[in-house]
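**Q** Right, I'll just put the structure down here and ask away after.
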Amino acid sequence: MAKPAPLSRHFTAARPRAMAALTRYFRTVDLAEDAYQDACMRAIKSWAHNGVPRDPTAWLILVGRNAGIDALRRRETERTVVEGSGIEADLGDVEADYAEAIDMSDYRDDVLRLLFMCCHDELSVQDQLALALKVVVGFSVEEIARAFLVKPKSMEQRITRAKKKAAVVAAALETPSPQERAKRLNAVLVMLYLLFNEGYSSHGGADHIRHALCQEAIRLTRLLLQLFPAQPEVMGLLALCLLHHARSFARQDVSETLVPLDEQDRGLWDRSAIAEGQVLVEKALRRGSPGAFQIQAAIAAVHCAAPNAEETDWSEIERLYRALEQVQPSPVVTLNRLVAASKVSGAAEALKGMESIAADLQNYLYFHSTRGALCAKLGEEAAAREAYEKALMLGPSDAERAYIRRRLSSLKK
């Protein structure tokens, strides 16, 4: 049964904190996932009848705890537990907590704790990230595969292996020590970046922008900066998220149609978030150890500093993308550099450069939509149409699909 769209938004927003709290209570990811899904199913029936509670997250945690304990009792009954094993006493202790009101302070940092748990050093970095995205955020296999530019079947196998290994490695999850947290920091940073990116340009559901995910990623990155106040890449990630999120309300018009950056009403941009992001970028770069997140934040800062699209310093943006290619080489970074280059050297030069990355990005929607835009700018209508049609075949969101179709309709027949 499909969840009604409004309730689905509540479930998406609540999942990170609810899953983190339930994992802390039950000490196992699998039981926490089952309990959360059970709580969501009960919410569909209850909330439709009684309305959404004042604190949906607390409601889901409380009901999830009940569901998890019921499941544990059923398992123990089926096994015919030997009296005196201590299991019933443990359940009683947890059940006694039901009378307590669940306050936000009880689980405010559980999500960050769970992220570090998922990023266990006995798992590969790729498996850490895939597991965290699946367990903490609730991304579908297709969404995670898209983020990693791999096929869904391959990602599903990776997640299955990671969950099995995590079950052996961390049957009883423990909060990592400060030393262990430092070792896992990079994986957690990438995980938070992917969390923000999914909120910023969502591939799941009808909403192209999922503000709750963006805000959760920013909240968690702020907590991370409290743990690692001297780490420039943590500053860089927080700056990047703030600078991008500052444009959220200008990225769609009243009909939820996507508005390109150069057409956005900059009066709608959040200037306080931009100011904070700019300060963080400068502070991070002064430490003399530029990383990928710092450079991306610097690029976003250049965009935000321009009073209008025409005054954007594209030469500086191209220079920064070249620096990013040195720090984090990838076909996607090269594609973004070529977009900047098209503003400086022209569309023809950028199209020529795209030939070297075409094979790597055949399944990347934005490669084809970018190619379509460049071809259209050069008057190559047939090539632009072909590129846009390829982009439509790669599963764009509803908002992206509408935008691409609008571009198609602007081409000559």
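**Q** Using the C-alpha gyration tensor of the range 245-386, what are the square roots of 5 times its eigenvalues, in whole angstrom, with the largest one first?
**A** Square roots of five times the eigenvalues give 26, 21, 13 Å.
**Q** Within the set of other residues whose C-beta is less than 11 Å from the C-beta of Ala340, count the net charge using Lys and Arg as +1 and Asp and Glu as -1.
**A** In short, +1.
**Q** Right, something else. Sketch the reach of a paramagnetic label on Val150 as a point 7 Å from Cα along Cα-to-Cβ, and name the residues of the range 350-386 whose backbone nitrogen lies under 17 Å away.
**A** The answer is 361, 363-364, whose backbone nitrogens lie closer than 17 Å to the label point.
**Q** Which percent of Cα pairs goes in each bin when the distances of the range 272-354 are cut into 5 angstrom slices starting at zero?
**A** Result, from short to long distances: 3, 15, 23, 23, 19, 11, 4, 1 percent.
**Q** Moving to a separate point now. What FRET efficiency would be calculated for the residue pair Ala305, Glu263, taking the C-beta separation as r and a Förster radius of 22 Å, to the nearest 0.05?
**A** 0.75
**Q** How much accessible surface area, in Å² rounded to 10, belongs to the heavy atoms of Trp269 with a 1.4 Å probe?
**A** Spelled out: Trp269, probe radius 1.4 Å, area about 10 Å².
**Q** Please label the shape of the range 237-288 as rounded, prolate or oblate, based on the square roots a ≥ b ≥ c of the eigenvalues of the alpha-carbon gyration tensor (a/c under 1.5 means rounded; beyond that, a/b larger than b/c means prolate, else oblate).
**A** Taking the square roots of the gyration eigenvalues as a ≥ b ≥ c, the range 237-288 is prolate.
**Q** On to the next question. Considering the zone a paramagnetic label at Val332 would reach in this model (a point 7 Å from Cα along the Cα-to-Cβ line), which residues of the range 261-298 have amide N under 17 Å from it?
**A** 292-298
**Q** Averaging over all projection directions, find the projected area of the Cα convex hull of the range 308-404 and quote it in nm² with one decimal place.
**A** For the range 308-404, the mean projected area of the Cα convex hull comes to 6.7 nm².
**Q** Continuing with the same structure: When the chain is fully extended, how far beyond the present Cα-Cα distance does Glu349 get from Ala48, taking 0.36 nm per residue of separation?
**A** Extra length from Glu349 to Ala48 when fully extended: 102.8 nm.
**Q** Another question, then. Between Gln37 and Arg401, what is the label-point separation in nm under the 7 Å Cα-to-beta-carbon projection?
**A** Going from the Arg401 label point to the Gln37 one covers 2.6 nm.
**Q** When we measure straight from the Cα of Lys377, which lysines land under 29 angstrom away, once same-chain ones fewer than 8 places off are left out?
**A** Excluding near neighbours in sequence, the set is Lys343, Lys352, Lys390, Lys412, Lys413.
**Q** Then there is this: With all distinct Cα pairs included, what does the Kirkwood hydrodynamic radius of the range 370-413 come out to in Å, to one decimal, could you say?
**A** In the range 370-413 this quantity evaluates to 10.2 Å.
**Q** Run the numbers for Asn363 and Thr160: contour at 0.36 nm per residue of separation, minus the present Cα-Cα distance, in nm.
**A** 70.7 nm
**Q** OK, next. How are the C-alpha pair distances of the range 183-336 spread across 10 Å bins, as whole percents from the shortest bin up?
**A** 11, 39, 39, 10, 0
The values are calculated or read from the model by the stated rules, or taken from the named source; none is laboratory data. As the structure is a prediction and not an experimental result, all values here were calculated from the model. When we count neighbours, we look across all protein chains shown, and the Cβ atoms used for this are built from the backbone with ideal geometry, even at glycine. Areas reflect the complete protein model, heavy atoms only, side chains present, ligands, DNA and RNA absent. Shrake-Rupley method; radii C 1.70, N 1.55, O 1.52, S 1.80 Å.
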